[in-house]
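S.K.: One structure, as structure tokens, below. Some questions next.
FYI, it's all coordinate maths here, none of it is from the lab. Since the model is a prediction, treat every value here as computed from it, not as a measurement. No Cβ is skipped: glycine too gets one built from the backbone with ideal geometry, and neighbour counts run over all protein chains shown.
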Amino acid sequence: MQTIVLVEDDLELAELTKERLEREGFSVQHEENGEAGRDAIVDAQPDLVVLDIMLPGIDGFEVCCQVRPQYVGPILILTARDEDLDEILGLELGADDFVTKPVKPRLLLARIRALLRRTRMEPVQQAHDSVHIGSLSVDASRREAQVEGREIDLTTTEFDLLWYLATHAGEVVSRQDIYQGLFQYDYDGLDRSVDVYISRLRNRLGDQPSSPHYIKTVRGVGYLMAGEKK
């Protein structure tokens, strides 16, 4: 049974969400504040976290920031504030997806399942188990990446994006390509999530924003993983 830690201070919403997820076969642990949520995530190491932003004590952004060094699973952020700044800040701190409340239960469930599918991707579904591009090595079977022999810590979405780019090295991929390949839905022309993920990934790889070595921006088109894959 897959496990979820739900961190939400709205008790009525939390109970409804917990009941719905449990009916779908998930085991759900609910926490009401940031400190308890942080500790539960680190201790339980759940398959997925659903994290509200506006929490008593430390907020969801701070929880996300504090748990990321010790938790690599997917984090889905919930917020009642429909502002781009919230989304960008949440993604920069290591969240994997972002849903604005009030959210339809079917939509929340679909996003959760999509994140879990990406986490469970089997290497046999890939054309190759590993890809090497210069000093970058990406291993799908272990879900590990190294640069110059140094292992880099990646979230679920960061690894999936890196694997997608690495397996398409030498090709220009559009935002639409990335959305279809990673999230299985169309790019709406406005969402900036992919740009934030790319920025985070460049930081992980040690790429300089002004002259990136690995992930290059092709203005008006998309992104290019430079180099030849082996």
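S.K.: Once a ≥ b ≥ c are taken as the square roots of the eigenvalues of the Cα gyration tensor of the chain, is the result rounded (a/c under 1.5), prolate (a/b larger than b/c) or oblate (a/b not larger than b/c)?
M.R.: Here the chain falls in the prolate category.
S.K.: Follow-up question, since we're still on this one. Tell me the label-point distance for the pair D153, D39, using the 7 Å Cα-to-Cβ offset, in nm and rounded to one decimal.
M.R.: 2.1 nm
S.K.: Sticking with this one: Tell me, in nm to one decimal, what length is gained between Q180 and T3 on full extension, where the rule is 0.36 nm per residue of separation less the Cα-Cα distance?
M.R.: Stretched fully, the Q180-T3 segment lengthens by 61.1 nm.
S.K.: Only Cα pairs under 8 Å and at least 6 apart count here; give the relative contact order of region 123-225 as a rounded whole percent.
M.R.: Details: 123 pairs, mean separation 23.3, N = 103.
Reported relative contact order: 23 percent.
S.K.: With a ≥ b ≥ c taken as the square roots of the eigenvalues of the C-alpha gyration tensor of region 123-225, please select rounded if a/c is under 1.5 and otherwise prolate if a/b is larger than b/c or oblate if it is not? Spell out each step's value before the answer.
M.R.: Details: a/c = 1.68, a/b = 1.23, b/c = 1.37.
In terms of gyration-tensor shape, oblate.
S.K.: What's the FRET efficiency of H213 with E171 using the Cβ-Cβ distance as r and R₀ = 30 Å, to the nearest 0.05?
M.R.: That gives a FRET efficiency of 0.95.
S.K.: So, one more: How long is the gain from R117 to I58 if the chain were fully straight, where each residue apart is worth 0.36 nm and the alpha carbon distance is subtracted?
M.R.: 18.3 nm
S.K.: Okay, moving on. Rounded to the nearest 500, what is the 222 nm mean residue ellipticity of the chain from helices alone, with -39500 (n - 2.57) per DSSP H run of 4+ residues and division by all residues?
M.R.: Value at 222 nm, helices only, nearest 500: -11000 deg cm²/dmol.
S.K.: In addition: What is the distance in Å between the Cα centres of region 26-66 and region 134-168?
M.R.: If we compute the Cα centre of each part, the gap is 27 Å.
S.K.: By per-residue mean of other Cβ atoms within 10 Å, what is the highest-first order of 58-68, 106-116? Show your work: numbers first, answer last.
M.R.: Values: 58-68: 20.5, 106-116: 16.5.
Sorting 58-68, 106-116 by mean packing, highest first, produces 58-68, 106-116.
S.K.: Assign one of three labels to region 3-119, namely rounded, prolate or oblate, based on the Cα gyration tensor with a ≥ b ≥ c the square roots of its eigenvalues; rounded applies when a/c is under 1.5, prolate when it is not and a/b is larger than b/c, and oblate otherwise.
M.R.: Working: a/c = 1.21, a/b = 1.12, b/c = 1.08.
Verdict is rounded for region 3-119.
S.K.: Quick check on the exposure proxy: order Y197, Y187 from fewest to most C-beta atoms within 10 angstrom.
M.R.: Y187, Y197
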